[in-house]
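As structure tokens, the structure follows; a few thoughts come after it.
The values are calculated or read from the model by the stated rules, or taken from the named source; none is laboratory data. Everything numeric in this text was worked out from a predicted model, so none of it was measured. Counting neighbours? That spans all protein chains shown, and the Cβs are built from the backbone with ideal geometry, glycine included.
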Amino acid sequence: MNKTYDNRAWFLVLPVFLVVAFSAIIPLVTVVNYSVQDIFGPGERYFVGLEWFREVLRDTRLHEALWRQFLFSGLVLLIEIPLGVAIALMMPRRSGWAASLALVLLALPLLIPWNVIGTIWIIFTRPDIGLLGYAVNSAGIPFDHTAAPLDAWITVMLMEVWHWTPLVALLAYAGLRAIPEAYYQAARIDGASDWAVFRYIQLPKMRGVLTIAVLLRFMDSFLIYAEPFVLTGGGPGNSTTFLSIHLVKIAVGQFDLGPAAAFSIIYFLIVLLFSWVFYQVLQRVGTGDRR
Amino acid sequence: MARIEFKQLAHTYRADPRGLEDYALKPMNQVWRDGGAYALLGPSGCGKTTLLNIISGLLQPTAGRVYFDGVDVTERPTAQRNIAQVFQFPVIYDTMTVFDNLAFPLRNRRVPEPEVKRTVERVAEMLELGAELRRRARGLSADAKQKISLGRGLVRSDVAAILFDEPLTVIDPHLKWTLRRKLKQIHQSLGLTLIYVTHDQTEALTFADEVVVMHDGRVLQSGTPQELFEAPAHKFVGHFVGSPGMNFLPCVLEADGARVDGVRIALPPDVVAKGRRAGGRFEIGVRPEALRLEAEPRNGAPRVRIEALAELGHYRIAAVRLGTHPLKVKLPEEQEPPRDAAYLCFTPALTRLYADGVLVG
């Protein structure tokens, strides 16, 4: 058999390769490059191996930021996913003006630039002029996110839930709308309760969109930067310094490019690992597949 | 089991119906015998599914009442009607096993678990699902899923009727036949009332004892497959049932028969008399199967031109022209097809007269 090889076909994938190279591979390799060198200036650099990784992993500030970050993302998922599903269930099932109105109102927070969201919440929660801050303080509860760590956390969580729950609700609503009417009719004939309809029809049929929602919300909340940076700047103290805020302090504030690069790679691997775990679990839970 | 009766039943999906044309179901009275196997036949959009959903209570009729065994159930919700329904696309509960799927209607009604187990196993046996009971329902084939949908109806001991809404649409052709036979078996052994919606006449004619033909929200005819075939009550039924459909020829009535473009067609005197009383526009209706083509003229058979011949395996369909009117004639396989022209013979017993589209005799 004489096979002829025509390698010109590779040129067809060249554009994609170039785009991916410039958008992902080259920047990532640059970071790897920085993470194993100590750079003093152009032409003045030394190979240090895994030294930066060791230093970063011993950094207690980073440990604190990491646990803070897990707590934050965990709360985000625990609040936003059930709340988003609940909102989607309450939305009108048939399309009409009511559904359109609900969709527009829901989508509003998603249309606002992220740093503007931080600014909105600074003003909204200010004890002297902010609607929420003033109201809560007038009710006799002292509330100031610039002074009390707990108040700062509550404000950041409120802002995050307000900002991103609509996305979960929209995804869940899309999932609900895709369920054929026959399922609801069959459930009525089978005498199923509302809970059974939710548990055995709606929830399983939302598996796909909820997987996407969990992944998006986990990744986004784990990488959150702009909104808390504008709102609290990571304070008071370090109480709302999340991983990316800490990272920016090292990289831009102290200009420690080596440790910052090492930190970035660890950060990336954590996000990748957890996204993979979530995806695997959500694809299999309740399906009886055990692989 | 139950006898289902409609009294002056009508339904419209509009909030402000202006007239009868806005009604998806025109006012009707209809009785479904206890233990009967009915097929509801009609083109898409004729109101079949609406009618089914009214029986199962998924829809509230705009007007009229529904009775099960003489009890008015019009206001009763679906869950209390003891109706099972199988939909066009199999509805299964993805995350459950086959067993749990079949047990679902019983568990919702708080049936004790030992009885659930007994019933589910009996029904699974009947549907040949016994081997799959422990499997997840998700990975099964379409026909197995459709059997599960049917099984969820059969597990309930109190079921009055099982409604099928084009249940074989997504099933492979070679499995359709097996599944249909299974349905017939179940019908014979359990004696349930079955109502089977379809737009496929083969399915309707092979499945049912009685076929109900619907068109545009009305029941046009209800009868055995033979009745539908030999004496369609309405022109639409003649067209819709049979392949190809019935031939219709505009005619004028004479003393001893009808005349089509100068050709005389014999009719019994009582039919002619009834036709005169009915009045209106007359047509002769005759099935392609009730016509013959002869090479020699006999008994004044008219000469027709043959325009086309279609080979359909074990028979042929000839398209001929009688005067200005096109006709289809079914030729048996063994007959040598005549060329160009032949003589057309009618079977008097199967030649029908219609006035304004309605059967006279």
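Quick look at the values:
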read-out: Residue A:141 vs. criteria in a helix (DSSP H, G or I) and exposed (fewer than 15 other Cβ atoms within 10 Å of the Cβ); value: no
read-out: Near pairs, Cβ below 9 angstrom, 6+ apart or cross-chain, from the stretch A:261-285 (farther than 27 Å from residue A:50 by Cα) to any residue that is of a type outside the set (Val, Ile, Thr) and loosely packed, with under 13 Cβ neighbours inside 10 Å; value: A:283/A:289; A:284/A:290; A:284/A:291
read-out: Spans of helices (runs of 4 or more DSSP H) in the stretch A:169-252 with at least 1 residues in contact with a helix residue (DSSP H, G or I) (Cβ under 8 Å, 6 or more places away or on another chain), more than 14 Å from chain B (Cβ to nearest Cβ) and without any contact (Cβ under 8 Å) to a residue 24 or more places away in the chain; value: A:243-248
read-out: Selection from the stretch B:58-75 of residues that are more than 8 Å from chain A (Cβ to nearest Cβ) and either within 23 Å of the chain's Cα centre (by Cα) or touching a residue at least 40 places away in the same chain (Cβ under 8 Å) (or both); value: B:59, B:61, B:62, B:63, B:64, B:65, B:66, B:67, B:68, B:69, B:70
read-out: Positions within the stretch B:203-222 being of a type in the set (S, T, N, Q) and more than 18 Å from residue B:167 (Cβ to Cβ), in sequence order; value: B:221, B:222
read-out: Condition broken by residue A:135, with the remaining ones in (1) out of contact with any Asp or Glu (no Cβ under 8 Å at 6 or more places or on another chain); (2) in contact (Cβ under 8 Å) with a residue 24 or more places away in the chain; (3) away from chain B (no Cβ under 14 Å) satisfied; value: (2)
read-out: Residue that is surrounded by the most Cβ atoms within 10 Å (Cβ to Cβ), among those in the stretch A:167-186 that are more than 24 Å from the chain's Cα centre (by Cα) and among the small types (Gly, Ala, Ser); value: A:186
read-out: Exclusive hit being modelled with pLDDT under 90 and of a type in the set (Phe, Trp, Tyr), set A:198, A:242; value: A:242
read-out: Residues of the stretch B:207-220 classified as surrounded by 18 or more Cβ atoms within 10 Å (Cβ to Cβ) and more than 10 Å from the chain's Cα centre (by Cα), total; value: 5
read-out: Hey, residue A:200 more than 26 Å from residue A:145 (Cβ to Cβ) and of a type in the set (Ser, Thr, Tyr) or not; value: yes
read-out: Residue in the stretch B:277-311 that is nearest to the chain's Cα centre (by Cα), counting only those that are over 19 Å from residue B:343 (Cα atoms) and surrounded by 12 or more Cβ atoms within 10 Å (Cβ to Cβ); value: B:283
read-out: Yes/no for residue B:39 being surrounded by 22 or more Cβ atoms within 10 Å (Cβ to Cβ), within 21 Å of the chain's Cα centre (by Cα) and within 14 Å of chain A (Cβ to nearest Cβ); value: no
read-out: Yes/no for residue A:88 being among the small types (Gly, Ala, Ser), part of a helix (DSSP H, G or I) and modelled with pLDDT of 90 or more; value: yes
read-out: Number of the condition not met by residue B:79 [criteria: (1) closer than 30 Å to residue B:151 by Cβ; (2) aliphatic (A, V, I, L, M); (3) modelled with pLDDT of 85 or more]; value: (3)
read-out: Long-range neighbours under 6 Å by Cβ, at least six apart or interchain, first residue of a type in the set (D, E, K, R) within the stretch B:158-178, second modelled with pLDDT of 85 or more and surrounded by 15 or more Cβ atoms within 10 Å (Cβ to Cβ); value: B:165/B:49; B:165/B:52; B:165/B:87; B:165/B:88; B:165/B:197; B:166/B:88; B:166/B:197; B:166/B:198
read-out: Identity of the residue in the stretch A:100-138, in a loop (DSSP other than H, G, I, E, B) and over 15 Å from residue A:166 (Cβ atoms), that ends up nearest to the chain's Cα centre (by Cα); value: A:113
read-out: Hits in the stretch A:149-188 - residues which are modelled with pLDDT of 90 or more and among the acidic types (Asp, Glu); value: A:160
read-out: Verdict on residue B:14 being under 16 Å from residue A:185 (Cβ atoms), without any contact (Cβ under 8 Å) to a residue 24 or more places away in the chain and more than 23 Å from the chain's Cα centre (by Cα); value: no
read-out: Residue in the stretch A:155-166 that is surrounded by fewer than 17 Cβ atoms within 10 Å (Cβ to Cβ), within 14 Å of chain B (Cβ to nearest Cβ) and among the aromatic types (Phe, Trp, Tyr) present; value: no
read-out: Neighbours by Cβ (under 6 Å, 6+ apart or cross-chain): first from the stretch A:28-47, part of a helix (DSSP H, G or I); second surrounded by fewer than 13 Cβ atoms within 10 Å (Cβ to Cβ); value: none
read-out: Condition met for residue A:151 (out of contact with any helix residue (DSSP H, G or I) (no Cβ under 7 Å at 6 or more places or on another chain), away from every other protein chain (no Cβ under 13 Å), surrounded by 15 or more Cβ atoms within 10 Å (Cβ to Cβ) and not aliphatic (A, V, I, L, M)); value: yes
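A quick yes/no check of all residues on (1) closer than 27 Å to residue B:204 by Cβ; (2) part of a loop (DSSP other than H, G, I, E, B); (3) touching a residue at least 12 places away in the same chain (Cβ under 8 Å); (4) not small (Gly, Ala, Ser):
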| position | (1), (2), (3), (4) |
| --- | --- |
| B:242 | yes, yes, yes, no |
| B:258 | no, no, yes, no |
| B:309 | no, no, yes, yes |
| B:320 | no, no, yes, yes |
